[in-house]
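Visitor: One structure, pasted below without further comment.
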Amino acid sequence: MSDARILFGFHAVQSRMRQHAHSIQEILIDQDRVDPRMKDLLKLAEASNIRVMQVDRDRLDGMAGRNGRHQGVIARVVDTPIPYKDIHDILESDLKEPPFFLILDGVEDPHNLGACLRVADAMGVHAVIAPKDRAVGLNATVRKVASGAAETVPFIAVTNLARTIRELKDAGVFVIGTTMDSESTLLNTKLDGPIALVLGAEGDGIRRLTAENCDALVTIPMFGSVESLNVSVASGICLYEVRRQRNTH
């Protein structure tokens, strides 16, 4: 099983079973956990004809790693290829609406990336784009937090983010970066056409070169006392506003 990787946590494993059961080689569960949630998972595994092994918790802890919150369930899976390899595959595909991208610049926290993928799935984003360097990739923690969205939303890691942004612009996609000091706000910006939203990590924000390549910069209007938002929260606000505008035009 050297070509397999692990997926852990109830949401991630159950979502994989429902969407790509054939990609699961086996599921390992905590032999001491017999609560209703585990029983539901076992029923789903049986219906999907997936082998389940009962093991002790120490083995699961070792597989998931020190920071892996496996909840007593780990699956060995073989990745199911997502049909898109780069932005051109998506731009040239038969989309039912204008292209809609989320670009994450320098997000290194796997929990943030997982949450962003989950929001992107909920809002119908066609792909999430991120740089290969100085950013987190699709590891087991990201997939667990994403609760299945890592298997449904294409994640495209690019070598040169600035070049990718220019390619999107050449294809007619309007690229909007988020910043804390723009005079334009998210709420007074037209967002109903082909669009890519760019967000950076909390604190650092998007990099200078990234900002310079955007068509426009906007800020999220803040009405309370906090000065910044977690990137996944900011993504949710921005992506929802795009979806709201598209649904009202």
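Visitor: By how many nm would the segment from Ala122 to Asp35 grow when fully extended, if each residue of separation counts as 0.36 nm and the alpha-carbon distance is taken off?
Guide: 28.4 nm
Visitor: OK, next. Apply 1/(1 + (r/R0)^6) to the Cβ-Cβ distance of Asp204 and Glu97, taking R0 = 25 Å, and write down the FRET efficiency to the nearest 0.05. Mind dumping the intermediate values first?
Guide: Working: r = 32 Å, r/R0 = 1.27.
Once rounded, the FRET efficiency stands at 0.20.
Visitor: Pull out the extension gain between Arg244 and His88, defined as 0.36 nm times the separation in residues minus the alpha carbon to alpha carbon distance; nm, one decimal.
Guide: Working it through step by step, the gained length comes to 53.6 nm.
Visitor: Right, another one. Order the following by accessible area, largest value first: Lys39, Lys190. Probe radius 1.4 Å; ligands, DNA and RNA are ignored. Please list the in-between numbers first.
Guide: Values: Lys39 115, Lys190 150 Å².
Most to least solvent-accessible, the answer reads Lys190, Lys39.
Visitor: Could you check the spin-label model distance between Arg5 and Ser225? Points 7 Å from the Cα along Cα→Cβ, value in nm.
Guide: 4.2 nm
Visitor: Per residue, how much accessible area does segment 75-220 show when a 1.4 Å probe rolls over the protein heavy atoms, in square angstrom?
Guide: Per-residue value: 46 Å².
Visitor: Where does each of 211-220, 105-114 land if you order them by average Cβ count within 10 Å, highest first?
Guide: 105-114, 211-220
Visitor: Can you give the FRET efficiency to the nearest 0.05 for His22 and Asp215, using r as the Cβ-Cβ distance and R₀ = 51 Å?
Guide: The value I calculate is 0.75.
Visitor: Which entry in [x] 33, 22, 17; [y] 36, 19, 16; [z] 24, 22, 18 is this structure's computed semi-axes √(5λ) of the Cα gyration tensor in Å?
Guide: The value matching this structure is [y].
Visitor: Also, quick follow-up: Kindly provide the helix-only [θ] at 222 nm of the chain, computed as the sum of -39,500 (n - 2.57) over DSSP H runs of four or more divided by all residues, to the nearest 500 deg cm²/dmol?
Guide: Theoretical 222 nm ellipticity from helices: -10500 deg cm²/dmol.
Visitor: Is there a quick way to get the dipole size of segment 183-242? I mean about its Cα centre, with the Cβ of Lys and Arg at +1 and of Asp and Glu at -1; what is the value in debye to the nearest 20? Show your work: numbers first, answer last.
Guide: Details: 3 positive and 8 negative charges, 14 e Å.
Around 60 debye, computed over segment 183-242.
Visitor: Per the 1.4 Å probe, what fraction of the accessible area of segment 1-157, in percent, lies on carbon and sulfur atoms?
Guide: Roughly 46 percent, rounded to a whole number.
Visitor: Here's another thing I want to ask about it. Set Lys and Arg Cβ to +1 and Asp and Glu Cβ to -1, take the dipole of segment 1-155 about its Cα centre, and tell me which of Gly68, Asn112, Val55 lies farthest positive.
Guide: So the residue furthest toward the plus end is Val55.
Visitor: Another one. Among Phe10, Thr248, Gly236, whose Cα sits farthest toward the positive end of the charge dipole of the chain (+1 at Cβ of Lys/Arg, -1 at Cβ of Asp/Glu, about the Cα centre)?
Guide: Of Phe10, Thr248, Gly236, it is Phe10.
The values are calculated or read from the model by the stated rules, or taken from the named source; none is laboratory data. In this text the structure is predicted, and so the values were computed from the model without any measurement. Note that we place each Cβ from the backbone using ideal geometry, even for glycine, and neighbour counts take in every protein chain shown. Side chains are part of the model used for accessible areas, which takes the heavy atoms of the whole protein and leaves out ligands, DNA and RNA. Shrake-Rupley method; radii C 1.70, N 1.55, O 1.52, S 1.80 Å.
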